[in-house]
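The values are calculated or read from the model by the stated rules, or taken from the named source; none is laboratory data. This structure is a prediction, so every number in the text was calculated from the model and none was measured. We place every Cβ from the backbone using ideal geometry, glycine too, and count neighbours over all the protein chains shown.
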Amino acid sequence: MGLARRVVCCGLWAASAIAPAVAADAEPTRPALMMNRWQEDWSVLSDPALRTQALDGLKYLPLSNDSAERYLSLGLTLRERFEYNDASGFGVSGPGSDSYVLQRLQVHADLHFADRWRLFTQLEDARAFSKKTLTPVDENKADLRLAFLETVQAFASGTLKARIGRQDFAFDLQRFVSSRDGPNVRQSFDAVWADWETELWRFNGFLSRPVQYEDVHAFDDRSDNSLRFHTLRVERHILGRNELSAYWALYERGAAHYLDGGGFEHRQILDLRCAGKQGDVDWDLETMFQGGKVGDKKIRAWAIGPSAGYTFLSLPWRPRAGLQVDAASGDTKSGDRTVGTFNPLFPNGYYFSLAGYTGYANLVQAKPTLTVHPDARLSLLAGLGLQWRATTADAVYVQPNVPVPGTAGRPGRWTGAYGQLRADYKANANLTAAIEAVHFAVGDTVRRAGGHDSDYVGVEGKFMW
């Protein structure tokens, strides 16, 4: 996807937990359906004049005659995606050529049981039909995805928000912390989260245990102390609505394994980001530093992701020319006392492309893109990704952070190049469709390891109510 669309779709964690439906001086309108359904506010349907669609009686079920903010709202999301992939892991490991259907069904209930208090619950059923090799992100039948209690309290000096329970987080462009909307099974966290906002500043943080997915029987997903992730974050608006942010995070995992080390992983993280728009130019610059220990070895890792674009608003179809650059460290010397392989944490499965061939470790990428809008409902993107390894001492990595066997320590930085074509179509407020095609031409390092060029086609339809 293009940068502008990813900023809208992926920076969702930063939106208000209960966003106001309209500005104070505007006429009430129906809320937009959103990727994260908990961000929707259907209290505007307390006005009978806005109940214009079938089943609006289930989008707003009043619980009180005295307050429009006490109501129950029900909803559903169904996503069907056909994928042809030849082949994940470049054919070095895995099923080779494969074609299958991914289905994700989500139903939710948003209960506003008191003024400024609510309970949000979402169930998810994710299935993969005819897929040769199943992973935890492909299939998860009948489980609890979200269930949190939330409050929003306004004070003269600012607004306090807090949540406890199973929830999701998606930082910025979702390079490193995402709700993982690309794969079939999304990422959730069992967490306590708090946020304090003023006109210019925002402070928030959470303590969490990321959910680990099982598919033995219904409602068997779990979280425990073997995997922990905690953050503290600060944001400030600068030069208008442009954003400057920083966060510290702690990532802890038992029995971690890297090519040059393993054991208990205690990873401390510092992330800095500046993003915004000025006229026809938009930009996003993020950098992350990682330290700590894996077993008895030190961690010294980093990543950087600058991207920018220019939109020709005066031209037909409003073309946007963009350039995305990404780099992440690899381990420079096997057998020493340091692990330099970057950990992408909880990455979006389609940050690079929906095919998700390569991971965000030991990587250097340059990707020019062109996005056009033939009409208000259609978006077309073309991109060319050029990839190298940061160091030949470390491997080529595929999603999410898996080394390709036979590539570490072999000569040749060049990983390969891929072309990406994508179309997104919004038929109406409830129905969207997309198609994406990717061809990845591998370099000699992957080819000598037994890999080959790979092709991907994905066709997706999504219905939301």
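For a quick check of your reading: which strands (runs of 3 or more DSSP E) sit entirely within the range 314-390 and have at least 1 residues that are of a type in the set (Val, Ile, Thr), surrounded by 17 or more Cβ atoms within 10 Å (Cβ to Cβ) and modelled with pLDDT of 95 or more?
363-375
Could you list, in sequence order, the residues of the range 118-136 that are in a loop (DSSP other than H, G, I, E, B) and out of contact with any Gly (no Cβ under 7 Å at 6 or more places or on another chain)?
Those that are in a loop (DSSP other than H, G, I, E, B) and out of contact with any Gly (no Cβ under 7 Å at 6 or more places or on another chain): 130, 131, 132, 134, 135, 136.
Name every residue in the range 92-110 that is out of contact with any Asp or Glu (no Cβ under 9 Å at 6 or more places or on another chain) and either in contact (Cβ under 8 Å) with a residue 40 or more places away in the chain or of a type in the set (Lys, Arg) (or both), in order of residue number.
Selection gives 92, 93, 108.
Could you tell me which numbered condition residue 400 fails, if it satisfies all but one of (1) crowded, with 23+ Cβ neighbours inside 10 Å; (2) assigned to a loop (DSSP other than H, G, I, E, B); (3) not acidic (Asp, Glu)?
All conditions are met except number (1).
On the basis of being under 30 Å from residue 178 (Cβ atoms) and crowded, with 18+ Cβ neighbours inside 10 Å, does residue 73 make the cut?
Criteria met by residue 73.
Residues of the range 136-165 being touching a strand residue (DSSP E or B) at 6+ places or on another chain (Cβ under 7 Å) and within 26 Å of residue 354 (Cβ to Cβ), which ones?
138, 139, 140, 141, 142, 143, 145, 146
Report whether or not residue 271 is of a type outside the set (Val, Ile, Thr), out of contact with any helix residue (DSSP H, G or I) (no Cβ under 8 Å at 6 or more places or on another chain) and within 20 Å of residue 324 (Cβ to Cβ).
It is true that residue 271 is of a type outside the set (Val, Ile, Thr), out of contact with any helix residue (DSSP H, G or I) (no Cβ under 8 Å at 6 or more places or on another chain) and within 20 Å of residue 324 (Cβ to Cβ).
Pick out the one residue from 172, 181, 190, 195 that is modelled with pLDDT under 90, out of contact with any helix residue (DSSP H, G or I) (no Cβ under 6 Å at 6 or more places or on another chain) and either assigned to a loop (DSSP other than H, G, I, E, B) or surrounded by fewer than 22 Cβ atoms within 10 Å (Cβ to Cβ) (or both).
172
Are any residues in the range 342-379 of a type in the set (Val, Ile, Thr) and over 13 Å from residue 398 (Cα atoms), and if so, which ones?
364, 369, 371, 372
Taking the range 137-169, which residues are in a loop (DSSP other than H, G, I, E, B), charged (D, E, K, R) and more than 25 Å from residue 399 (Cα to Cα)?
Residues satisfying the conditions do not exist here.
Mind telling me which of the residues 209, 202 ends up being in a strand (DSSP E or B) and in contact with a helix residue (DSSP H, G or I) (Cβ under 9 Å, 6 or more places away or on another chain)?
Just one listed residue meets the conditions, 202.
Return the residue satisfying two criteria in turn: it lies in the range 275-302 and is over 20 Å from residue 249 (Cα atoms) and touching a Pro at 6+ places or on another chain (Cβ under 8 Å), and of such residues it is surrounded by the most Cβ atoms within 10 Å (Cβ to Cβ).
Within the range 275-302, the match that is surrounded by the most Cβ atoms within 10 Å (Cβ to Cβ) is 284.
Quickly run through the range 422-442 and pick out the residues that are more than 26 Å from residue 373 (Cα to Cα) and surrounded by fewer than 19 Cβ atoms within 10 Å (Cβ to Cβ).
441
Would you confirm whether or not the range 320-327 contains a residue that is farther than 24 Å from residue 415 by Cβ, out of contact with any helix residue (DSSP H, G or I) (no Cβ under 8 Å at 6 or more places or on another chain) and free of Cβ contacts under 8 Å to residues at least 12 places away in the same chain?
Looking through the range 320-327, none of the residues is farther than 24 Å from residue 415 by Cβ, out of contact with any helix residue (DSSP H, G or I) (no Cβ under 8 Å at 6 or more places or on another chain) and free of Cβ contacts under 8 Å to residues at least 12 places away in the same chain.
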